[in-house]
Structures are given as C-alpha cells and as structure tokens.
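Encoded as structure tokens, the structure appears first; notes follow it.
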Amino acid sequence: MTVQPAFDPEWYRKAVFYEVMVRSFKDSNGDGFGDFRGLIEKLDYLQWLGIDAVWLPPFFPSPLLDGGYDVADYTGINPLYGSMSDFDEFLEGAHSRGMRVVIDLVINHTSSAHDWFQQSRSDPAGPFGDFYVWSDTNDKFDNVRIIFTDTETSNWAWDDVRQQFYWHRFFSHQPDLNFENPGVHEAVFDIARFWLAKGVDGFRLDAIPYLYVSEGNSGESEPETHAFIQALRAMIDREFPGRMLVAEANQQPREVLEYLGTVETPECNMAFNFPVMPYIFYALKSADVTGLAATLNDLPAVPDGSAWGVFLRNHDELTLEMVNDSEREQMYDWYAPEPRMKVNVGIRRRLAPLLDGRRDKLELANALLLSLPGSPFLYYGDEIGMGDNIWLDDRDASRTPMQWSAGEAGGFSQGSIDSLYLPVVSSPEYSSDVVNVESQMTNPSSILNWTRDMLSLRKSLFALQTGTYRGLTTGSSSVLAFVREPEGPGNPIVCAFNFSESPITVSIPGVAPANSVLDDVRLVNSGIEVNEDGLLEVELPPMSWHWLRVS
Ligand code: BGC
C-alpha cells in the first residue's frame with residue numbers, strides 16, 4: 001500500500017474532485033490511448049490547478065463497448081493503459097502530492113466478456129451458474145424502465161448458449177449480477193478489498209440503485225440494495241477507515257438521501273446531486289432561477305459527515321431525467337438544436353459549447369458550482385473550455401483527447417493521428433490550436449488561470465466548503481442568492497448570481513444587521529453596506545456574481 005495522505009475521515013467534504021478518463025488524458029507511448037504513465041506526467045498539472053482528488057472511471061480490462069463500464073476483469077489493468085505497477089506509481093504520485101484517488105466500482109453488471117458470465121452461460125450448475133439473473137421467459141419485472149432508450153428495447157436478452165434470457169439494465173452486453181446470490185456479495189467485497197488494500201481513497205458506486213429487482217417494483221432502491229450498501233460501508237469503516245463511497249443515483253434528492261443512510265446505519269459518504277445540474281442550465285438560458293432556487297431550497301439536510309457531490313458535466317450525457325416534461329422539451333430546443341446532440345434522455349455536449357463559448361456564462365456557472373452545498377466535481381478539459389465532437393458516437397462526443405498544446409494531436413500523443421482512440425476536436429472555435437493548456441497557462445486572464453484562482457480562493461473560504469445553505473429572497477426571478485454559514489470558525493459568505501442579460505440591483509433582507517459592511521472577497525477594499533432598513537443592496541452587471549463576506 002502507498003503512503004496514505006494525512007488521516008482525515010471527512011476529507012471528501014472539503015475536496016475539489018476532477019474526473020478524468022485514463023484513455024483521454026495523456027498518451028505516453030504513442031499508441032494513441034492515454035495511459036497511467038501519461039497521467040503520472042500530468043499530476044503536477046493537477047496539483048498546480050488545485051485539485052484535491054482525482055476520480056478515475058473504469059480502467060480495467062474491457063471490450064470498451066461502454067467506455068470501460070463493461071468490465072471484463074475487476075482486478076486487472078487494461079493493457080492499453082499500462083500495467084499494475086504503473087497504477088501503483090500513479091497512486092503513489094497522487095498521494096505524495098496530497099491528492100486522493102477515487103475509482104469506479106461497477107457492480108450492477110459486468111461485461112458479457114467477463115469470465116463469470118462465460119462460465120455462467122456454459123455451466124448453469126457450476127460455481128458461477130447463479131451469478132446472473134436468468135429466466136426462461138422475458139416477461140418478468142415488466143414495470144422496470146429502460147435506461148438506454150436509444151439502443152435497447154428490453155431489459156432481457158436471449159443467450160444462445162444457455163438457452164435462457166438474462167437481465168440487463170444497460171446495454172445487452174452488460175448482464176446484471178444477481179445480488180440474490182451471496183457469492184456475488186463476497187466477490188464484490190473481494191474486489192473492494194483488493195483496491196482499498198492498494199490504497200485507493202474511495203469508490204464511486206456506479207448505477208447503484210439497480211442492484212436488486214423484484215416483481216411489481218421499479219427495480220430501483222429496493223430495501224435489499226440499501227442493506228447491501230450498509231454492509232459494504234460497514235466493512236470499509238472497519239477494515240479501511242477514512243475511505244469513502246459516492247453514490248451515482250440519478251433520482252430526486254429525497255430518494256438519493258437514502259443512499260447516505262443514517263448516522264447509525266451509514267451507506268455512502270456522498271451522493272451526486274442530479275437535479276440541481278439541469279436547473280443551472282435552465283436558468284442560464286431562461287434567466288429565470290425559480291426552478292433552481294426551489295431545488296436548492298428543498299434539498300433535504302444530509303446526515304452528519306456526509307455531503308452532496310455537485311457537477312456541471314461529466315463523462316455521460318447532460319441528463320434531463322430530473323426536470324419535468326415541458327422543461328425537458330424546452331432544454332432540448334435550447335441546447336440540442338441538432339438531433340445528433342441528443343442521446344437517451346439527455347444531451348451529449350460539453351460545457352463550453354453548451355454555453356456558446358461565452359466566458360461570462362462559463363464563469364457564472366463555475367462560480368455557482370463552487371458555491372453550492374457539497375463538493376464540486378470538475379470534468380477534465382472544462383477548465384480550459386474544451387469543445388466536443390457530435391459526429392462521434394454516443395457519449396464519446398465529449399470524451400475526446402485532452403488538449404495540452406497546439407498542433408493536430410493537441411500534445412496528447414506523439415503517435416500517428418490515425419492511431420488516436422478518438423480524434424482531437426478540430427472545429428475552428430475549439431481546435432487544439434485555439435484551446436489548449438500551454439497557451440492558457442501563460443495567459444493570466446485565461447479561463448484556466450481564472451479556474452485555478454477560484455479553486456484557491458474557495459479553499460480559503462470554509463463556509464463554501466462545509467457551510468450550511470440558506471436561500472435568500474432577492475425580489476428578482478433572475479437573481480439567485482443564498483448564504484453559506486460555516487460550521488466552525490470562519491465568516492458566512494453571501495453568494496449572489498444574476499442570470500439575466502441585463503444589470504439588476506437587488507435588495508436582500510436577512511443577511512446582516514443594518515450598517516454592517518460585507519467585503520467582496522475577490523476585490524480588495526470593496527465593501528457593501530447593509531442599509532438602515534437592514535437590506536443588502538447588491539448591484540449585479542449582466543451574467544455576473546458576487547461572493548460577499550459577512551464579518
Ligand atoms: C455510467 C455510464 C455507464 C453506465 C453503465 C453509468 O451510470 O456513468 O457511463 O454507461 O453506468 O455502466
């Protein structure tokens with residue numbers, strides 16, 4: 001095991017996470033695929049940027065028919081990405097720079113190429129015969145929705161070898177594991193122990209609501225699923241204290257809350273906040289923060305020691321499952337004018353193109369992300385405003401090579417252009433000649449340096465890390481304002497965001513006593529006084545925001 005970072009059981013509540021797919025970051029050997037040695041070369045960059053934890057989606061042996069979420073061997077390294085000793089060195093390198101590493105634990109399903117499945121289909125009476133959900137008919141559990149609506153028409157697929165149907169919530173090449181079988185629990189625990197013993201700091205629990213399915217139910221969040229997560233968490237707390245679990249449950253916050261468990265029976269330490277994300281994009285186009293404010297005001301309190309994970313984009317589509325039908329149609333009109341931009345129930349584009357490449361909107365969205373209750377998860381490349389390529393299949397549109405410098409391969413690889421796992425973005429506005437790390441590092445006013453400054457500023461403001469959230473009344477449907485109040489020492493921070501294209505002045509009650517002065521934390525010697533009536537009058541230019549310190 002590598003030297004672990006200083007023990008801090010709640011490190012994830014203060015961390016800024018950075019998601020990067022290994023194959024997308026840096027190719028060290030010219031074969032066209034990013035790899036662990038490339039990632040090691042770029043650890044200094046992540047440290048310079050101010051990242052606290054790296055989240056790596058699956059890097060295991062896989063047919064790569066679902067970006068690696070089709071796992072063929074849970075305790076190996078995909079040879080395209082390097083060797084186990086490269087992984088160890090990467091982990092060591094991250095830890096020695098004070099950064100933690102979270103990896104994906106994909107346990108709802110395996111790849112059909114996994115040896116367990118191959119044995120299960122050919123030897124029903126053998127040790128893996130009952131590892132998957134088999135049936136003679138394909139009409140069981142017909143209440144359960146289909147997730148990949150663009151590619152799948154049923155959650156059952158026929159297997160010619162076993163002459164039975166098997167259950168799958170995602171692609172048909174991803175058979176679901178059978179959690180009714182205690183052998184599956186043991187196998188999952190062994191995988192978790194393997195990586196924890198190596199020293200990883202936590203797991204993202206992929207597609208976690210779907211582990212159990214029973215007749216008449218929706219196949220989501222069944223009580224046995226929660227019992228399993230409680231057992232996993234108990235094992236981790238007992239054997240590897242200080243490591244964490246983050247739940248990927250694309251559901252409403254009240255339901256997601258169950259994945260955090262209770263103080264007595266904890267489940268995950270964190271859970272992604274899915275609904276707040278689309279409402280940020282809704283507000284950015286409509287200049288109306290009503291839905292966003294309501295979502296934030298209705299957020300249930302999380303149990304002590306746990307936290308939300310917040311994000312703008314990730315390796316998946318910008319999912320629209322959490323907005324209502326008319327909001328979804330409206331968002332498709334705004335953000336997916338070309339049918340190719342849609343996938344399943346969402347939009348397969350990156351942050352910068354979604355925001356029309358507008359710097360003011362990028363700053364507003366990121367400043368909000370860094371102000372929300374919970375820990376922010378950034379997606380690689382968004383810190384330089386990378387573009388996408390909607391001519392690529394499925395979610396690959398926003399998984400193209402990281403753009404390090406100018407030139408056809410964007411500094412990602414020394415290999416031939418034809419060998420790249422995906423082409424570098426080449427559109428005129430977003431090509432590597434225009435958008436790259438090297439040029440932005442030397443430009444003090446780049447979005448990259450802005451992001452870095454913001455991460456460093458946030459680190460100094462305890463209230464923004466673990467503080468409570470209280471929504472404020474602004475009197476304007478275009479302005480979102482709230483106050484984050486620190487748990488311990490530190491000052492409350494008032495955050496205000498104008499989503500409209502016009503300047504607005506708002507009067508906010510209930511922030512601080514009359515005549516007290518709030519400082520703008522971005523500007524030296526700039527204060528705003530609360531007036532005689534106890535109102536804080538904030539002037540906000542179009543698409544702008546403030547962080548104000550209450551002393
Ligand atoms: C991952 C997806 C993946 C799916 C199936 C998820 O929720 O984020 O990228 O396709 O699980 O594993």
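Is the stretch 109-176 rounded, prolate or oblate when judged by the Cα gyration tensor, a ≥ b ≥ c being the square roots of its eigenvalues, rounded requiring a/c under 1.5 and prolate requiring a/b larger than b/c? Because a/c hits 1.5 or more and a/b exceeds b/c, the stretch 109-176 counts as prolate. Each of 114, 546, 315 has some number of other Cβ atoms within 10 Å of its Cβ, and from fewest to most they run 315, 546, 114.
Taking only DSSP H segments of four or more residues, each worth -39500 (n - 2.57), what value at 222 nm results for the chain once the sum is divided by all its residues, to the nearest 500 deg cm²/dmol? After summing the helix terms and dividing by the residues of the chain, the value is -7500 deg cm²/dmol. Our note on the geometry: Cα centres of the stretch 515-529 and the stretch 27-93, 44 Å apart.
Protection proxy ranking, highest mean first, for peptides 350-363, 503-516: 350-363, 503-516, where packing is the per-residue count of other beta-carbon atoms within 10 Å, averaged.
Model label points for residue 338 and residue 460, set 7 angstrom from Cα along the Cα-to-Cβ axis, are 4.3 nm apart. Coupling constants for the stretch 501-517 follow from the phi torsions by the Karplus curve (6.51 cos²θ - 1.76 cosθ + 1.60, θ = phi - 60°), and in residue order they are 8, 10, x, 9, 10, 10, 10, 10, x, x, 9, 7, x, 3, 6, 6, 10 Hz; glycine and proline get x.
If you add up the charges near residue 509, with Lys and Arg at +1 and Asp and Glu at -1, over every other residue whose beta carbon is less than 13 angstrom from its beta carbon, what do you get? Surrounding charge for residue 509 is -2. Projection of the Cα convex hull of the stretch 290-347, averaged over all directions and equal to a quarter of that hull's surface, yields 5.2 nm².
Sites listed here are chymotrypsin sites (Phe, Trp or Tyr not before Pro) in the stretch 1-60 whose DSSP assignment is loop and whose Cβ has at most 11 other Cβ atoms within 10 Å: 7. In this structure, the pairs whose alpha-carbon distance is over 31 Å, taken from 14/42; 198/342; 14/342; 14/361; 140/198, are 198/342; 14/342; 140/198. Under the classification rounded if a/c is under 1.5, otherwise prolate if a/b is larger than b/c and oblate if not, where does the stretch 467-550 fall, given a ≥ b ≥ c as square roots of the Cα gyration tensor eigenvalues? Rounded, because the longest to shortest axis ratio a/c is under 1.5. A quarter of the convex hull surface defined by the alpha-carbon atoms of the chain gives 24.9 nm² as the mean projection. With only the Cα atoms considered, the stretch 399-551 has a convex hull volume of 155 Å³ per residue. Per-residue packing, averaged as other Cβ atoms within 10 Å, sorts the ranges 382-388, 477-483 into the order 382-388, 477-483, beginning with the highest.
The equivalent ellipsoid that matches the C-alpha gyration tensor of the stretch 1-136 spans semi-axes of 32, 18, 12 angstrom, in descending order. Please label the shape of the stretch 182-339 as rounded, prolate or oblate, based on the square roots a ≥ b ≥ c of the eigenvalues of the alpha-carbon gyration tensor (a/c under 1.5 means rounded; beyond that, a/b larger than b/c means prolate, else oblate). It is prolate, given that a/c is not under 1.5 and a/b is the larger ratio.
Ellipsoid fit via the Cα gyration tensor, the stretch 61-196: semi-axes of 31, 17, 14 Å, each the root of five times an eigenvalue, largest first.
Using only alpha-carbon positions in the stretch 316-432, the gyration tensor eigenvalues give semi-axes of 26, 18, 12 Å once each is multiplied by 5 and square-rooted (largest first).
Where a number appears in this text, it was derived from the coordinates with a stated rule and is not lab data. Because the structure is predicted, anything quoted here is derived from the model rather than measured. Positions of Cβ are generated from backbone atoms using ideal geometry, with glycine treated the same way; all protein chains shown enter the neighbour counts.
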